[in-house]
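Scroll down for the structure; my scribbles are underneath it.
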Amino acid sequence: MAGASPGIVVRGHPLDPQQLAAVMDDADTQLVIAAAGTGKTTTLVGKVRHLVDSGVDPRGILLISLTNNTVSDLRRAVDSEFGGAFGGDVMTIHALGNRILRRRPCVGRDRAQLLGRIMYDMAEEDRRFARALLLYVEGLRTVGYSDMSLCGLSIRNRGLRVFADVLFECGIRCTYEKPVVSDRETKPASVSAEDGRGHRFTVYSDDDVVKKAAKDTSEAWEYLQRHNFQCERLNPNDLAAEVIRAWGDRLPEAMGALISRCKSTRTTMADLRRANGRNDTKTRPRVEEKLFLLDRVWDMYNLMCMQGDMADYDDMVIQATELVRAGGPFGKRYTHVLVDEYQDVSPALVWLLRAIRARTGFRLFCVGDDWQSIYSFSGGDVWQFYDFGEVWKGFGAVSVSRIETTYRCPQTIVDLSGRFVSANPMQQRKEVRGFRDPPFRSAQLLPVNSDRDIPKAIANRLDFIDPGESVFVIGRTRADVYALGYGNGQFRFSLGGQNQSGSVDIVYRRWDEDAGDWVDVRPLRFLTAHSSKGLEADNVFVLADRDRGGFPSTVSDELSDLFERRDEGIAFAEERRVFYVAMTRARRRLFIVNRTDEDHYAQSARSPFVTELLGQSPVLSKSTPFCPECFGPVRIVEHNGKRFYGCWDYPNCRGTRPFGGI
């Protein structure tokens, strides 16, 4: 391959020196360590270009990415580079496994429906299973579905959600009305119901009984009894079956993800039970019931797959690995295999590639960013990245290179995020270079007093951002989007099914005095940190404070806690990477929105991650306006319909600054 041209142009741009060095390296096994925005896809396509220009038959090249969406993106990139259909293969590891299995019928997208049917049938027949399922649902509501009522409605107010739950437990459906807050009308959220015997009621979020029910569910039961509602609980079997129906695909998808994680990490039920044995005596019985649920569903799911001669995505990889290791056919003989997003590979993916490589000896080229490894909940294992040399020992020379010039972020954001994530002693050291800082502050802290200040602070900044620039609002969980609902109508959005994917389209609006109505100003998008990965926007607002969960998320998933984890030498190792991903979506400006207390915000930031950033970066700590009188921190103040920054030390200090400008 020495005859290849030393200069390579990919996607219309010449490769930078580090990209070129990685592409031209002809080691048997390569790992390219990247950072956010450094051109991982460009480097992969550049490697393909180098191979083809050096005489490698494209039909012997395989590119692997982890999801169907990223495979589609990669396929478009290589097809575009070669002016048409690329002769090599681009696929997920699951598709490769299924090709080896000679295209066995795939459970695929029907898995949720199959698991849902299994869970529904068992819930109707088995009392212990039904109780365990209801316990499992409560766990999901603690971790990922904090706003979800048993009846499947998304209800943010806890007291109203308690009323909806109590009604559902009695077999009564409710109607939920969202709050209305505008210049023309203010109406609290409400729950209404009728029991079929003519008894009706409506409770509002600001009612005393609703506030009491948020702390004590018995208040809701007593209220229903006082209003002569039929308050007889459904039996556990009927209730569990109804919850499965009401929650749609949420329960089977959660159970399917748990089964997938077990398969992709080779974790057995015996492993999980041994891990539960190390729990305290209070936790152990509750977790054992959830394991009973998982065991029953997994057994029946395997049985139905075998009866239908079907394989799910994980089976495709596992069974293909077993077949190849046993000397069976392995399909097409590739000479070069390129793997994208290597930081998120599962052990199962590596086992299949090792099995094939042991028989074919293909050359391996992997690109990934360990700073963005955030998918352990679905089987991703960052230690496959950390231990790369050991994992691929025995397959020829191993080389490790870096691409460290980001084409996304200005240097201030690069330094701020890189310094933070590098506190993990296991993370690879990188000297990331961003582009020159713009004339405005590219990283800013927006201190707020409460959720109600969050839309005000964001709206203020939006008024100073060019209408043509894109905007993301990134939260840790789906529930963070509710903070924008306090904007008195400034932000219009509908959750619907979008909220389940972690992405919500939002419109920012201003009040038009002449028209007497809201006027759409600009679109923006809410994303969870996980759903934002791989995306970018000109301006990014990160909702960091922990009053709604925030960064880091400390809510424990009892079943996830059973999976083996290796110590990375720092608390919240993966949560730190999640925060890094959120920060590095920004191309121009990064705004970190954080709750503050009534003492100096630099000492009392609600998110410990923001506290750490403030201690590390004078750029961030100085970006918030300061009091012109005492030079202390300021907060957002409203008075007579006007907004301004007022000193935290009021009334001792009465310094103010205009609320505006970025």
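Brief remarks follow.
- Restricting segment 369-411 to chymotrypsin sites (Phe, Trp or Tyr not before Pro) that sit in a DSSP loop and have at most 10 other Cβ atoms within 10 Å of their own Cβ leaves nothing.
- Euclidean distance between Cα centres, segment 44-96 to segment 269-320, Å: 36
- Rounded to 5, percent antiparallel among DSSP beta bridges of the chain: 45
- Sequence-distant residues sharing a close amide H with VAL542 (under 5 Å, placed H): ILE474, PHE591, ILE592, VAL593
- Helix-derived mean residue ellipticity, 222 nm - over the chain, DSSP H n ≥ 4, -39500 (n - 2.57), to 500: -11500 deg cm²/dmol
- Coarse-grained scattering of segment 286-397 at q = 0.11, 0.12, 0.15, 0.18 Å⁻¹, given as base-10 log I(q)/I(0) from a Debye sum over alpha-carbon atoms: -0.48, -0.56, -0.82, -1.03
- Projected over all directions and averaged, the alpha-carbon convex hull of segment 366-440 occupies 6.5 nm².
- Cut-off under 5 Å, modelled amide H: who pairs with ASP517 long-range: ASP512
- Amide H partners (placed H, <5 Å) of VAL10, local residues excluded: LEU15
- Cα-based convex hull, segment 16-133, per residue volume (Å³, whole number): 179
- Restraint check, LYS212/LYS533; LYS263/LYS332; LYS211/LYS290, Cα-Cα greater than 28 Å: LYS212/LYS533; LYS211/LYS290
- Cα-based values for the chain, radius of gyration first and Dmax second, are 27.2, 87 Å.
- The convex hull defined by the C-alpha atoms of segment 259-301 has an orientation-averaged projected area of 2.9 nm².
- 3J(HN,Hα) from dihedral phi, segment 128-141, Karplus parametrisation 6.51/-1.76/1.60, rounded to Hz, x for glycine, proline: 5, 4, 4, 5, 5, 5, 5, 5, 5, 4, 4, x, 5, 5
- Put simply, the Cα atoms of segment 199-311 extend 54, 38, 25 Å along their principal axes, the longest span coming first.
- Per residue accessible area of the chain, 1.4 Å probe, in Å²: 43
- The phi-based Karplus calculation (6.51 cos²θ - 1.76 cosθ + 1.60; θ = phi - 60°) puts the 3J(HN,Hα) values of segment 68-79 at 4, 5, 6, 5, 4, 5, 5, 4, 4, 5, 6, 4 Hz, whole numbers, x for Gly and Pro.
- Coupling constants for segment 452-463 follow from the phi torsions by the Karplus curve (6.51 cos²θ - 1.76 cosθ + 1.60, θ = phi - 60°), and in residue order they are 5, 7, 4, x, 5, 5, 5, 4, 4, 5, 4, 5 Hz; glycine and proline get x.
- Heavy-atom accessible surface of segment 104-182: percent carbon and sulfur, 1.4 Å: 46
- Within the shell defined by Cβ-Cβ distances under 12 Å, the residues around ARG49 carry a net charge of 0, with Lys and Arg each +1 and Asp and Glu each -1.
- Shown for segment 11-88: the carbon plus sulfur share of the solvent-accessible area, taken with all protein chains present and a 1.4 angstrom probe, equals 50%.
- Cα pair distances exceeding 27 angstrom across segment 123-271, given as percent: 30
The values are calculated or read from the model by the stated rules, or taken from the named source; none is laboratory data. On a predicted model such as this, the values are computed, not experimentally measured, just so you know. All Cβ positions, glycine included, derive from the backbone under ideal geometry; neighbour counts span all protein chains shown. All accessible areas refer to the heavy atoms of the entire protein, side chains included, with ligands and DNA or RNA removed. Shrake-Rupley method; radii C 1.70, N 1.55, O 1.52, S 1.80 Å.
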